[in-house]
Amino acid sequence: EPLEVAEDTVITFYSLSYPNKHIYFLDDTRYGLPGQDPQEMAEYRKSIDEMCERIGVNLFRRKWRGAKAGMINDFLDFIGGEAREGFEFSNFSGKTPTEPIKYIVVFDADQNPLPGFVEPLVERMEAEPNLAFIQTPQ
């Protein structure tokens, strides 16, 4: 996604009213593909780093080996303590979760949720302990 789109989305997450949130930017950009301009891609990567640092969002990268589901699985492994080769993490938020992460909400880079989006989902998960995940429309 263009940097402006990703930045608008990340800023929107700060307006989520859910109080105990940690925001992670999972960068699955495929840097170094044949035919890409290496300098342009290095500049884009640097701009993602700068955006995350400026806004205060944690940044996670890993060696590309699969699309969105692979990235999410690798991130889950990472937060579960499995630091594999090729994982990169920058804690730009200055915060570390003090207890295990119980719920994860995944958004695409071009989604802008309303401030109260998370609370009804958490309420439902708490009310139905056998429920593993909820998928919602955009």
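The values are calculated or read from the model by the stated rules, or taken from the named source; none is laboratory data. Predicted model, so just to flag it, every value in this text is computed and none were measured. In this analysis, Cβ positions are derived from the backbone assuming ideal geometry, glycine residues included, and neighbour counts consider all displayed protein chains. SASA here: full protein model, heavy atoms, side chains in, ligands and nucleic acids out. Shrake-Rupley method; radii C 1.70, N 1.55, O 1.52, S 1.80 Å.
Assorted remarks:
- For the chain, the calculated P(r), taken from all Cα-Cα distances in 10 Å bins from zero up to the bin holding the longest distance, is 10, 38, 38, 12, 2, 0 percent.
- Computed over protein heavy atoms with a 1.4 Å probe, the carbon and sulfur contribution to the accessible area of the chain reaches 53%.
- Relative contact order %, the chain, counting alpha carbon pairs below 8 Å whose residues are six or more apart: 35 percent
- Projecting the Cα atoms of L59, G80, Y103 onto the dipole axis of the stretch 29-103, where Lys and Arg carry +1 and Asp and Glu carry -1 at the beta carbon, places Y103 farthest toward the positive end.
- Here K21 is the anchor, and the lysines within straight C-alpha reach of less than 20 Å, apart from those fewer than 8 places off in the same chain, are K95, K102.
- Sorting the segments 12-25, 103-116 by their mean number of nearby beta carbons within 10 angstrom, highest to lowest, gives 12-25, 103-116.
- Value of relative contact order over the stretch 1-59, rounded to a whole percent, pairs C-alpha under 8 Å and six or more apart: 46 percent
- Across the stretch 86-103, computed HN-Hα scalar couplings (Karplus, 6.51 cos²θ - 1.76 cosθ + 1.60, θ = phi - 60°) run x, 7, 10, 9, 10, 8, 8, 7, x, 10, 10, x, 8, 9, x, 6, 8, 10 Hz from first to last residue, x flagging Gly and Pro.
- Calculated from backbone phi, Karplus (6.51, -1.76, 1.60) coupling profile of the stretch 32-47 in Hz, x at Gly/Pro: x, 6, x, x, 7, 7, x, 5, 4, 5, 5, 5, 5, 4, 5, 5
- The stretch 33-110: mean projected area of Cα convex hull, nm²: 6.4 nm²
- Rolling a 1.4 Å probe over the heavy atoms of the protein chains gives the stretch 1-127 an accessible area of 63 Å² per residue.
- Acute angle (nearest 10 degrees) that the helix 3-13 long axis makes with the longest principal axis of the chain, alpha-carbon atoms: 20 degrees
- Folded to 0 to 90 degrees: helix 118-127 orientation relative to the chain principal axis, Cα: 50 degrees
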